[in-house]
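Peer 1: Structure below; questions to follow.
The values are calculated or read from the model by the stated rules, or taken from the named source; none is laboratory data. None of these values were measured; they are calculated from a predicted model. Reconstructed Cβ throughout: ideal geometry from the backbone, glycine too, with neighbour counts over all protein chains shown. Please note that ligands, DNA and RNA were not included when accessible areas were found on the heavy atoms of the full protein model with its side chains. Shrake-Rupley method; radii C 1.70, N 1.55, O 1.52, S 1.80 Å.
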Amino acid sequence: MLERDPEGRKQARVAPWLLLAPGMLWLFLFYFFPLWTLLRMSLSSRPSRFADPVFSWEWSNYSDAFSRYGAQFSRSFLYAALATVAALLIAYPLAYVIAFRGGAWKNVLLGLCVVPFFTNYLIRTLAWRTILGDQAPVVETLRSLGVLAPDGRLLRTPLAVVGGLTYNFLPFMILPIYVALEKIDPRLVDAARDLYSNTWRAFRKVVFPLSLPGVFAGSLLVFIPAAGDFVNSYYLGSAKTTMIGNVVQDQFLVQLDYPVAAALSFVFMAIVMAVVITYARLLGTEDLV
Amino acid sequence: MRRGRGHGDGTVTSPAGRVGRVLVNLAAAGGLVYLFLPIFVIVLFSFNKPKGKFNAVWQEFTLENWADPFKNRPLVDALYVSLRVALISMVVATVLGTFVALALVRYRFRGGQITNLLLVLPLTAPEILLGASLLTLFLEPHLVLANRQFTLGFTTIVIAHIMFCVSYVAMTLKARLRGFDWTLEDAAMDLGAGPIRTFLRVTLPLITPGILAAALLSFALSIDDFIITYFVAGPDVKTFPLQIFGQSRTATPPQINVLATMILVGSVAVLAAGTWWGRRRARRLGLR
């Protein structure tokens, strides 16, 4: 009989690789290898508008990407950051109440948080377009209250885009925070209170620090897809709210300018990675995985 | 244990504490309302009789849309394509992902750590990057295809969906298998079962709920995906989300809402049935 380690794993040489081979081969062929073809494409040039791109160390694609679409880059990351903060503010109390006050209803409440996301992403965003529409009750109420000018609107504003991003990626914030809060031993809070800490202080000094891994994971899971999204800007925004996703999508599928589109994608990936690493340093949680 | 203190909530003595408690509860309730607002609108507007082509402003109540939910042929055809894509990707991704997860939790081997990392990377990549990179791959001529390009369409969509589902399946299953008692396998082998018999009769039945959960997740991800699919679909094949996106420029028929409501109710039913089945099974096996 083979020896097992404390986690019950066997020492083996061949068996794990046989099991890994098909799945990992698929990932190599259709995840890692495409990144290489994307990189090659980003350094290619097009002899003419309808000719196939040729690899030629065309670094100017990158400078073009930056100089032409700097505004879209900064807008994407600003919107994504705002959506992340908004999602955190909405998700935290919800996760907290479910984890600490849910009782027997915990699983049902958690299920309720996920149910809305069984409808398609586009349909949800279209529903927000209806809710925020110019003739919708929300806008009319805000106008009559004087919050919005008589001709003011919500749709086609940055606010609508950020709101859509917040909504669409909210479960990715709720679930990790819930998991982190759920793990906290309630006796720790009791201990803090026995030492004459009030509820708020106990939260600030005990609960919140212990939930940080969840906050960290949730923030990344919201920030990354939000920064690369183009659907919310397309449905809820205007020409003034285009994000980098809209540009990449347009260059790749409408303009068919593959080299510039590929360069844009690479720059985008580089910035996302830089943000992730800085964020990991700031929060001191480097064991991400 | 002082039960009276509830779950880490502390006894609320001061009026300020009581107000704080109510405020947090209100914030949570507000969060739930926010989550369900669009869903309410989607269901409500499936009963709307829109003027013109866009179902965006409330006009009047009607049951017409529900009387003929499959009226919009392109939408129904697209839904059928989506179901086929999701089913094929689910089966392939679940098999591949289960193998990967088993390798990682059952064996200790060199390269296990790096495999874990490689597995997470696709999950952290922005979808637009996955779509864009796959498109460049499909545009290049390939040796294996006798130097021809891939034809963008059903096959390329399935390839892409399997790619992002494998990681999800493997990660979900890995989490579920943590703490699994592998010595049960030793017991079976001690009793004279061969490795294959042990796997089929002991291991597989025990990990089946985890595999089913991972498969369902993969199905849901595949059927919902828009961004990656949009890049690799080509001009001719339309999945459900692609069809909605294409149509939404010129029309949003109320049948979209009807189908969406049906899908929502269907998935909630599957989820509830799955939970019920899981609990009953756990009780029968005396696991909990």
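Peer 1: Which is within 12 Å of another protein chain (Cβ to nearest Cβ), among the aliphatic types (A, V, I, L, M) and without any contact (Cβ under 8 Å) to a residue 40 or more places away in the chain, of B:Ala273, B:Ala233, B:Ala282, B:Ala269? Step through it out loud before you land on a result.
Peer 2: Numbers: B:Ala273 fails: within 12 Å of another protein chain (Cβ to nearest Cβ); B:Ala233 fails: without any contact (Cβ under 8 Å) to a residue 40 or more places away in the chain; B:Ala282 fails: within 12 Å of another protein chain (Cβ to nearest Cβ).
One residue alone meets the criteria, B:Ala269.
Peer 1: Kindly list, by first and then second residue, each pair from a residue in the range B:175-198 that is in a loop (DSSP other than H, G, I, E, B) to a residue that is open to solvent by 70 Å² or more (accessible area, probe 1.4 Å) and acidic (Asp, Glu), limited to pairs with Cβ atoms under 9 Å and residues at least 6 apart or on different chains.
Peer 2: Qualifying pairs under 9 Å: B:Arg178/A:Glu7; B:Gly179/A:Glu7; B:Trp182/A:Glu7.
Peer 1: Filter the range B:98-124 down to the residues that are at the interface with another protein chain (Cβ under 7 Å from one of its Cβ atoms) and open to solvent by 50 Å² or more (accessible area, probe 1.4 Å) and list them by number.
Peer 2: B:Phe99, B:Arg108, B:Leu117, B:Thr124
Peer 1: Then there's this: Which of (1) touching a Leu at 6+ places or on another chain (Cβ under 9 Å); (2) more than 23 Å from A:Ile123 (Cα to Cα); (3) assigned by TED's automatic domain parsing to the domain that holds B:Arg106 does B:Gly278 not meet, given it meets every other one?
Peer 2: (3)
Peer 1: Conditions: (1) under 20 Å from the mean Cα position of the chain (by Cα); (2) surrounded by 15 or more Cβ atoms within 10 Å (Cβ to Cβ). B:Leu135 meets all but one. Number of the miss?
Peer 2: Going through the list (1) under 20 Å from the mean Cα position of the chain (by Cα); (2) surrounded by 15 or more Cβ atoms within 10 Å (Cβ to Cβ), B:Leu135 breaks only (1).
Peer 1: From the list B:Glu140, B:Glu127, pick out the single residue that is acidic (Asp, Glu), touching a Gly at 6+ places or on another chain (Cβ under 9 Å) and surrounded by 14 or more Cβ atoms within 10 Å (Cβ to Cβ). Outline the logic, then answer.
Peer 2: On the way: B:Glu140 fails: touching a Gly at 6+ places or on another chain (Cβ under 9 Å).
Every option except B:Glu127 fails the conditions.
This table checks each residue for (1) surrounded by 12 or more Cβ atoms within 10 Å (Cβ to Cβ); (2) more than 14 Å from every other protein chain (Cβ to nearest Cβ); (3) in contact with a Lys or Arg (Cβ under 7 Å, 6 or more places away or on another chain).
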| position | (1), (2), (3) |
| --- | --- |
| A:Val14 | no, no, no |
| A:Leu19 | yes, no, no |
| A:Leu35 | yes, no, no |
| A:Leu38 | yes, no, no |
| A:Asp52 | yes, no, no |
| A:Ser60 | yes, yes, no |
| A:Leu82 | yes, yes, no |
| A:Ile90 | yes, no, no |
| A:Val97 | yes, no, no |
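Peer 1: While we're looking at this one, here's another question. So the check is Cβ under 8 Å with 6+ separation or different chains; which pairs have a first residue in the range B:141-154 that's modelled with pLDDT of 65 or more and a second one that's of a type in the set (Ser, Thr, Tyr)?
Peer 2: B:Phe150/B:Thr156
Peer 1: From A:Val139, A:Val179, grab the single residue that is in a helix (DSSP H, G or I) and over 19 Å from A:Gly237 (Cα atoms).
Peer 2: Numbers: A:Val139 fails: over 19 Å from A:Gly237 (Cα atoms).
Only one candidate passes the filter, namely A:Val179.
Peer 1: Still on this structure, please answer the following. In the set B:Arg178, B:Arg201, B:Arg197, which member is within 13 Å of another protein chain (Cβ to nearest Cβ) and at negative phi? First the steps, then the outcome.
Peer 2: Numbers: B:Arg201 fails: within 13 Å of another protein chain (Cβ to nearest Cβ); B:Arg197 fails: within 13 Å of another protein chain (Cβ to nearest Cβ).
After ruling out the rest, the residue left standing is B:Arg178.
Peer 1: Tell me which of these A:Ala127 doesn't satisfy, since it passes every other one: (1) buried (at least 20 other Cβ atoms within 10 Å of the Cβ); (2) in contact with a Gly (Cβ under 9 Å, 6 or more places away or on another chain).
Peer 2: All conditions pass for A:Ala127, except number (2).
Peer 1: Quick one: A:Gln135 ticks every box in (1) surrounded by fewer than 18 Cβ atoms within 10 Å (Cβ to Cβ); (2) more than 7 Å from chain B (Cβ to nearest Cβ); (3) modelled with pLDDT under 95 except a single one, so which number is it?
Peer 2: A:Gln135 satisfies every listed condition except (2).
Peer 1: So how many residues does the range B:229-242 have that are in a helix (DSSP H, G or I) and surrounded by fewer than 22 Cβ atoms within 10 Å (Cβ to Cβ)? Break it down stepwise before answering.
Peer 2: Going through the range B:229-242, the residues in a helix (DSSP H, G or I) turn out to be B:229-232, B:240-242.
Remaining after also requiring surrounded by fewer than 22 Cβ atoms within 10 Å (Cβ to Cβ): B:242.
Final tally of qualifying residues: 1.
Peer 1: Out of A:Ala192, A:Ala239, A:Ala226, report the one residue that is open to solvent by 20 Å² or more (accessible area, probe 1.4 Å) and hydrophobic (A, V, I, L, M, F, W, C). Write out each step before concluding.
Peer 2: Working: A:Ala192 fails: open to solvent by 20 Å² or more (accessible area, probe 1.4 Å); A:Ala226 fails: open to solvent by 20 Å² or more (accessible area, probe 1.4 Å).
Going through A:Ala192, A:Ala239, A:Ala226 in turn, the sole match is A:Ala239.
Peer 1: Check A:Leu159, A:Leu126 and return the single one that is within 9 Å of chain B (Cβ to nearest Cβ) and part of a helix (DSSP H, G or I). Talk me through it step by step, then tell me what you get.
Peer 2: On the way: A:Leu159 fails: within 9 Å of chain B (Cβ to nearest Cβ).
One residue alone meets the criteria, A:Leu126.
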